[in-house]
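Visitor: Could you have a look at this structure, given as C-alpha cells, before my questions?
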Amino acid sequence: MNDTPRDTPPPAVSPPGERRRLESIQAGTDAFTTGIIDGLGLPDDAACLELGAGAGSVARWLAAHRPRGRVTAVDIDVRHLDPGGPHRLDVVRADITDESFAPGRFDLVHARFVLCHLPSRDALVARAARWLRPGGWLVVTDPYQLPADTSPFPVVRRLMEAYRQGCARAGTDLTWARSLPALLAGAGLSPVEFAGRPACMGNGDKDRWRVLVEQAAPALLTVPGFTPADLDAFRAHLADPAFVDIPQITLAAWARRPPAA
Ligand SMILES: C[S@@+](CC[C@H](N)C(=O)[O-])C[C@H]1O[C@@H](n2cnc3c(N)ncnc32)[C@H](O)[C@@H]1O
C-alpha cells in the first residue's frame, strides 16, 4: 500500500469489515479530535486538508463548521469517503507518500491514525508542515500502545503482543506517537501542545476493540503465541461486565507555523 503509485486503482474488494472498522475508529475518537480542532480558533474561511480521511467524519465536520472555508479530504482509497452533506468537500484520491503529491497551502493539516502506518512518517510530518500557510496548524494523532505484558488480563497480554507484532510486520509503529511533539518542533512549528485519551477495551458498549480485533483476526492468528482459543477467550471476555482495559493511549500533538511578521 505504501508504495502504491497514485494512478494505481485500489483493489476491487475492500478488506472485509473495513467500513465498520473506520466507523468504529470515528465513533471512538471524533469527540477527542473535534475538541482539539475547536480549540485552535481557525478562521471561518479556513482551508483544511484531511490526510488519510478514511470514512470522512472529520472532513465532513470541518466542512459543516467552516461553511465559508474549503476542505480537501485525501485518501489512497476513497471508496468509503462519502462527501455527504450540503457543505463543500473536495475528495482527492492520492498517495500522500508520493513525492509529487503537492496539495497547496492550508490553515489546517490534520492526520489521524495514518502516519504511524507509513515508513516515511518522520519526513511526512516535515512535508505536512510545509503545506501550512503562515499561522496554520498541523494536528497529528496516532496510537501509543501500552506494554502488552502490563494488562491485568492474560488473554489481552497475548492479544496485544500479537497485535504489536502483526502491526510491526506491516510497517506500523505503535510507539511512534511519542515522537510527535519533537517532530513538530523540529519542523519549525510552535508552540507544541499535546493531549492523550485512553482507548477503551471491554466495559460493555464502550468497547472499541471488538471490531478491530475481528478484522485483524486472520493476521493475528498467524503470530506465534496467539491461538484460536485466545480469540474465543477474548470474545467471551467482551461479554463480561467486569472486563475493562486500556490497551493504548491515543496521542494527539499540534503546533503552528509562525504567523507572517
Ligand atoms: C486507520 S484509517 C484512519 C482513517 C481516518 N483518518 C480516521 O481516523 O477516521 C487510515 C486511512 O489512511 C489511508 N491511507 C493509508 N495509507 C495512505 C497513503 N499512503 N496515502 C493516503 N491515504 C492513506 C487508508 O486508506 C485509511 O483510510
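Visitor: Which cross-chain or sequence-distant (5 or more) residues have an amide H under 5 Å from the amide H of residue 73, H modelled 1.01 Å from N in plane?
Guide: Answer set, sorted by chain and number: 50, 90, 91, 92.
Visitor: A follow-up question, please. What list of ³J(HN,Hα) values in whole Hz, one per residue of region 185-194 in order, does the Karplus curve 6.51 cos²θ - 1.76 cosθ + 1.60 (θ = phi - 60°) give from phi, with Gly and Pro shown as x?
Guide: Per residue, the Karplus-derived 3J(HN,Hα) values read 5, x, 8, x, 9, 6, x, 8, 10, 7 Hz.
Visitor: Something else: If packing is taken as the average number of other Cβ atoms within 10 Å across a peptide's residues, how do 25-38, 156-169 rank, most packed first?
Guide: By packing density, highest mean first, the sequence is 156-169, 25-38.
Visitor: Answer rounded, prolate or oblate for region 117-261, using the Cα gyration tensor with square roots of eigenvalues a ≥ b ≥ c: rounded when a/c is under 1.5, else prolate when a/b is larger than b/c, else oblate.
Guide: Prolate shape, in that a/c is at least 1.5 and a/b is the bigger ratio.
Visitor: Taking the Cα centre of the chain as origin, work out the dipole magnitude from +1 charges on Lys and Arg Cβ and -1 charges on Asp and Glu Cβ, in debye rounded to 20.
Guide: For this selection, approximately 460 debye.
Visitor: Something else about it: GNM on the chain, C-alpha springs below 10 Å: top fluctuator among 24, 190, 179?
Guide: 179
Visitor: Take every DSSP beta bridge whose two residues both sit in the chain, then give the antiparallel share in percent to the nearest 5.
Guide: Roughly 45 percent of the beta bridges in the chain run antiparallel, per DSSP.
Visitor: Summing -39500 (n - 2.57) over the DSSP H runs of n ≥ 4 in the chain and dividing by its residue number, what mean residue ellipticity at 222 nm do you reach, to the nearest 500 deg cm²/dmol?
Guide: Dividing the helical sum by the residues of the chain leaves -10000 deg cm²/dmol.
Visitor: Check residue 135: other-chain or 5+ apart residues with amide H under 5 Å from its amide H, H built from backbone geometry?
Guide: Those qualifying (amide H under 5 Å, at least 5 residues apart or on another chain) are 257, 260.
Visitor: In what sequence, highest mean first, do 225-233, 103-111 appear when ranked by Cβ atoms within 10 angstrom?
Guide: Highest to lowest by the protection proxy: 103-111, 225-233.
Visitor: Something else now. Points 7 angstrom from Cα along the Cβ direction at residue 30 and residue 178: gap in nanometres?
Guide: With each label placed 7 Å out from Cα toward Cβ, I get 3.2 nm.
Visitor: As an exercise, take the mean of 1/r over every pair of distinct alpha carbons in region 22-82, invert it, and state the Kirkwood radius in angstroms.
Guide: 11.9
Visitor: Given the convex hull over the Cα atoms of the chain, what projected area results after averaging over all orientations, in nm²?
Guide: 14.1
Visitor: Right, something else. Taking a point 7 angstrom from the Cα of residue 233 along the C-beta vector, which residues in region 150-167 have backbone N less than 12 Å away?
Guide: What the label zone holds, given the 12 Å backbone N cut-off, is 153-160.
Visitor: Also, I was wondering about something else. Between residue 40 and residue 206, how high is the FRET efficiency from 1/(1 + (r/R0)^6) when r is the Cβ-Cβ distance and R₀ = 25 Å? Nearest 0.05.
Guide: So, using R0 = 25 Å, E works out to roughly 0.35.
Visitor: For residue 18 paired with residue 101, estimate the spin-label separation in nm (one decimal), with each label point 7 Å from Cα along the Cα-to-Cβ line.
Guide: The modelled label-to-label distance comes out at 1.5 nm.
Visitor: Give me P(r) over region 183-245, computed from all C-alpha to C-alpha distances, binned every 5 Å, as integer percentages.
Guide: 4, 14, 19, 16, 12, 8, 8, 10, 7, 3
Visitor: In a GNM of the chain with a 10 Å cut-off on Cα contacts, which of 183, 115, 62 has the highest mean-square fluctuation?
Guide: Of 183, 115, 62, the most mobile in the Gaussian network model is 183.
Visitor: Determine, for each peptide in 123-133, 145-155, 247-257, the mean count of other beta carbons within 10 angstrom over its residues, then list the peptides with the highest first.
Guide: Averaged packing, sorted descending, gives the order 247-257, 123-133, 145-155.
Visitor: Name the residue, out of 56, 202, 84, whose mean-square fluctuation peaks in a Gaussian network model built on the chain with Cα pairs under 10 Å.
Guide: 84
Visitor: If you don't mind, another one. So for region 14-162, considering every pair of alpha-carbon atoms, how many percent are separated by more than 29 Å?
Guide: Within region 14-162, distances greater than 29 Å cover 19 percent of Cα pairs.
Bear in mind that the values in this text are calculations on the coordinates, not laboratory data. Because the structure is a prediction, the values reported are computed rather than measured. Because the Cβ atoms are built from the backbone with ideal geometry, glycine has one as well, and the counts that use them run over all protein chains shown.
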